[in-house]
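Data block below; observations after.
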Amino acid sequence: MTDTPIPSRPAPRSRWQRFRDSDFFYSFRRSPVAMVSFAVVSLLVLSAVFAPLIAPTNPFNPASLNLMEGFTPPMEPNAFTGNSFMMGTDDQGRDVFSTILFGMRVSLFVGAAAVLFAMILGITLGLISGYFGGWAETIVMRVADVQLTFPSILVAMLIFGVAKGVTPVEYRDQMAIWVLILAIGLSDWVQFARVVRGATLVEKSKDYVAAARLIGRSPLTIMIRHILPNVLSPVLVIATISLALAIIAEATLSFLGVGAPPTQPSLGTLIRIGQGFLFSGEWWILFFPACTLLALALAVNLLGDWLRDALNPKLR
């Protein structure tokens with residue numbers, strides 16, 4: 001009688017191996033637009049996060065400013081100090097490259113925080129209205145319908161004006177960023193609520209929700225632990241696309257002078273400053289911040305479009 005060798009069990013795969021072999025990563029590798037967009041977004045985000053280490057100077061430190069270096073063209077030596085700057089300087093002698101890095105931090109923070117606030121508010125109201133129905137659904141959806149009749153930028157300007165008006169004068173500059181996040185978030189929650197409500201109406205009629213009710217699970221537990229994980233895929237897609245829209249909304253409000261304060265300028269504030277010198281020949285003060293905003297918004301938008309297609313089971 002011969003001994004039959006027992007086949008050894010394969011070693012369990014790591015999370016990275018499972019992710020590498022997934023359809024999601026395969027779709028990412030097959031899409032040049034997604035890879036380029038991801039590279040651009042990663043580069044810009046990392047540049048903003050590590051701005052204090054990358055920027056040659058702190059442009060918002062008054063001690064580092066030299067008015068004699070104002071309006072220095074890109075890659076040309078200054079007539080008084082002899083210093084040259086890769087993207088030139090603005091009217092106050094600030095390095096445009098450094099102002100872009102620090103301004104991008106404000107734009108990304110406001111956009112990400114506003115989308116997070118809108119997502120939390122929209123998911124909460126969507127789950128409540130879709131699961132309970134009745135008067136809760138009626139109130140939430142009618143408020144959403146009314147808000148959809150107005151452009152989101154006008155809603156954000158209205159909320160920003162009201163919130164800034166009730167803020168004490170001595171705290172307005174300190175609270176301006178948070179008021180801006182509140183305004184943009186309250187203007188963008190509707191799409192999250194409508195999508196989550198529709199998905200909740202579908203999920204709550206399935207067997208696993210009925211089984212959870214039978215074993216005595218509370219409605220809050222059912223919504224959070226059972227329904228919410230099954231409605232997150234479209235929410236993540238909307239959040240990615242909304243991030244680009246939130247960054248543009250922040251830039252628009254700051255360009256109009258009702259956004260970030262001068263002490264914490266964002267890309268929109270830099271564009272507004274550069275616009276005043278465009279026709280006098282100092283084109284670089286506007287050109288480089290505008291190109292950065294365009295690249296950031298376009299890359300995030302293209303990444304969101306790919307994510308929507310990658311998470312759509314009908315396209316697999």
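Quick notes
- Integer Hz, Karplus 6.51/-1.76/1.60 couplings in order for segment 66-83, x for Gly and Pro: 9, 5, 5, 9, x, 6, 7, x, x, 6, 10, x, 5, 5, 9, 9, x, 6
- The chain - percent relative contact order, Cα under 8 Å, separation 6 or more: 21 percent
- Maximal additional length on extending the residue 138-residue 162 stretch stands at 6.0 nm, based on 0.36 nm per residue less the C-alpha distance.
- Here the chain is assigned +1 on the Cβ of each Lys and Arg and -1 on the Cβ of each Asp and Glu. Its dipole about the Cα centre then comes out at about 1520 debye.
- Over segment 101-144: Kirkwood hydrodynamic radius from C-alpha pairwise inverse distances, Å: 12.0 Å
- The residue among 36, 67, 175 whose Cα reaches farthest toward the positive pole of the charge dipole of the chain, with charges on the beta-carbon of Lys, Arg, Asp and Glu, is 36.
- Dipole-positive endmost among 301, 211, 80 within the chain (Cβ charges, Cα centre): 211
- Computed with a 1.4 Å probe on the full set of protein chains, the accessible area for residue 272 sits at about 90 Å².
- Shown in residue order for segment 104-109 are the 3J(HN,Hα) couplings computed by the Karplus curve 6.51 cos²θ - 1.76 cosθ + 1.60 at θ = phi - 60°: 5, 4, 5, 4, 5, 5 Hz (x for Gly and Pro).
- Along the axis of the charge dipole computed for the chain (Cβ charges of +1 for Lys and Arg, -1 for Asp and Glu, origin at the Cα centre), the listed residues 132, 157, 92 are led at the positive end by 132.
- Computed FRET value (nearest 0.05) for residue 220 with residue 15, which takes r as the C-beta separation and R₀ as 25 Å: 0.25
- Take each peptide in 255-261, 63-69, count the other Cβ atoms within 10 Å of every residue, and average; sorted highest first, the result is 255-261, 63-69.
- All-pairs Cα distance distribution in segment 49-192, expressed in whole percent, bin size 10 Å: 11, 26, 23, 20, 12, 6, 2, 0
- Dividing the Cα radius of gyration of segment 176-316 by its Kirkwood radius returns 1.16 for Rg/Rh.
- Computed accessible area, residue 35, all protein chains, 1.4 angstrom probe, square angstrom: 80 Å²
- Segment 15-118: Rg to Rh, with Rh as the Kirkwood radius over Cα pairs: 1.18
- Our summary gives segment 181-308 a relative contact order of 23 percent, counting only alpha carbon pairs under 8 angstrom and 6 or more residues apart.
- Percentage of interatomic Cα-Cα distances in the chain larger than 34 Å: 39 percent
- Using alpha carbons only, the radius of gyration of segment 118-162 set against its Kirkwood radius gives Rg/Rh = 1.05.
The values are calculated or read from the model by the stated rules, or taken from the named source; none is laboratory data. Remember, it's a predicted structure, so these values are computed and weren't measured experimentally. Using ideal geometry, Cβ is built from the backbone for each residue, glycine included, and neighbour counts are taken over all protein chains shown. These area figures cover heavy atoms from the full protein model, side chains too; ligands, DNA and RNA do not enter into them. Shrake-Rupley method; radii C 1.70, N 1.55, O 1.52, S 1.80 Å.
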